[in-house]
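Derivation of every value follows stated rules applied to the coordinates shown; laboratory data play no part. These numbers were taken from a predicted model, which means no experiment stands behind them. Glycine gets a Cβ as well: all are built from the backbone with ideal geometry, and neighbour counts include every protein chain shown.
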Amino acid sequence: CSKVQEAGEYNTKMHPMWQGPLVVPGGDRQSPIDIVVRKSVFDSELKPLLTNYDPRTCQQIWNNGYSFLVEYDDTADKSTLEGGPLQDKFRLCQFHFHWGESNAWGSEHTLDRRLFPAELHLVHWNSNKYSLFEEAVMEENGLAVIGVFLKVGKRHEGLQKLVDALPAIRHKGSVVEFTKFDPACLLPTNTDDYWTYHGSLTTPPLTESVTWIVMKQHIEVSHDQVCEVYEVKYFSHGCYQGF
Ligand code: 1SD
Ligand code: ZN
């Protein structure tokens, strides 16, 4: 298995969408990055990732106006991530996707400047060092986010339960109960191969508290599943309230 680190070129330009008083941008470790494969360095010290997810911690799905999120109970170490580049134990709090608009390319990270149609982010916070996500998000080594690229191809059975829930959260702000979903089913079969680097949240507060772990292997979803995702609106009923 190969593991690679410090592979990327940081995004030095500030996205105009995020300029504002609550945002602390302008650091030199802003995400997302372009992963430049030939500049990535193999590190034999990096270990395999250990995910231990309990589907019973799955609670709800909601449309926050940027993305749709599936949220997990993170009051105890029940769904956790360890190993890989991490020294501590991290708790899963949510996962979400970044998609383009219809027929567009929507991944945040790029691979040798290539975009993918979508990208999954599984967000975890350091429960060895911090007691709440809100605390960890502001601190060094606070978060660990797994990124997975999505391509259009074969139907993804695991994703279908999520797709079936999307009509209930079609508009910004809607939240519904969503339970017993195992996020491990969205990971590629090989999680030993990944790129890792120290970066930031890609949305406000853009804090540089994230150890990114981007999977080398992508997952596939069908065209029909993607079409359902494009029906999710990032504005409220009636009037546009997006960014
Ligand atoms: O974009 C997400 C944002 O929606 C929120 O989930 C945040 C964590 O609270 O994480 C960012 S990201 O950096 O994982 N894209
Ligand atoms: Zn994200």
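Pick from Glu71, Glu108, Glu45: which is most flexible by mean-square fluctuation in a GNM of the chain where alpha carbon atoms under 10 Å apart are linked?
Result: Glu45 has the largest fluctuation of those listed.
Give me the distance in nm between label points sitting 7 Å out from Cα along the Cα-to-Cβ direction at Arg155 and Asn190, one decimal.
It is 2.7 nm.
For Arg56 and Val175, compute 0.36 nm times the residue count separating them, minus their Cα-Cα distance, and round to one decimal in nm.
Extra length from Arg56 to Val175 when fully extended: 41.0 nm.
From the helices alone, meaning DSSP H stretches of at least four residues, give me the mean residue ellipticity at 222 nm for the chain, per-run term -39500 (n - 2.57), in deg cm²/dmol to the nearest 500. Don't skip to the end; give the middle numbers.
Working: 3 runs with 21 residues, N = 243.
After summing the helix terms and dividing by the residues of the chain, the value is -2000 deg cm²/dmol.
From the phi angles alone, apply the Karplus equation (6.51, -1.76, 1.60; θ = phi - 60°) to the stretch 221-227 and give each ³J(HN,Hα) in whole Hz, x where the residue is Gly or Pro.
Those phi angles translate into 9, 7, 4, 5, 5, 4, 4 Hz.
Among 76-87, 31-42, 119-130, 135-146, what's the highest-first ranking by average C-beta atoms within 10 angstrom per residue?
Numbers: 76-87: 17.9, 31-42: 15.6, 119-130: 22.2, 135-146: 19.8.
Highest mean packing first, the order is 119-130, 135-146, 76-87, 31-42.
Per residue of the stretch 181-188, in order, report the coupling 6.51 cos²θ - 1.76 cosθ + 1.60 (Karplus, θ = phi - 60°) as ³J(HN,Hα) in whole Hz, putting x for Gly and Pro.
9, 8, x, 4, 5, 9, 7, x
Full-extension gain between Asp164 and Leu132, please, as 0.36 nm times their residue separation minus the C-alpha to C-alpha distance.
8.4 nm
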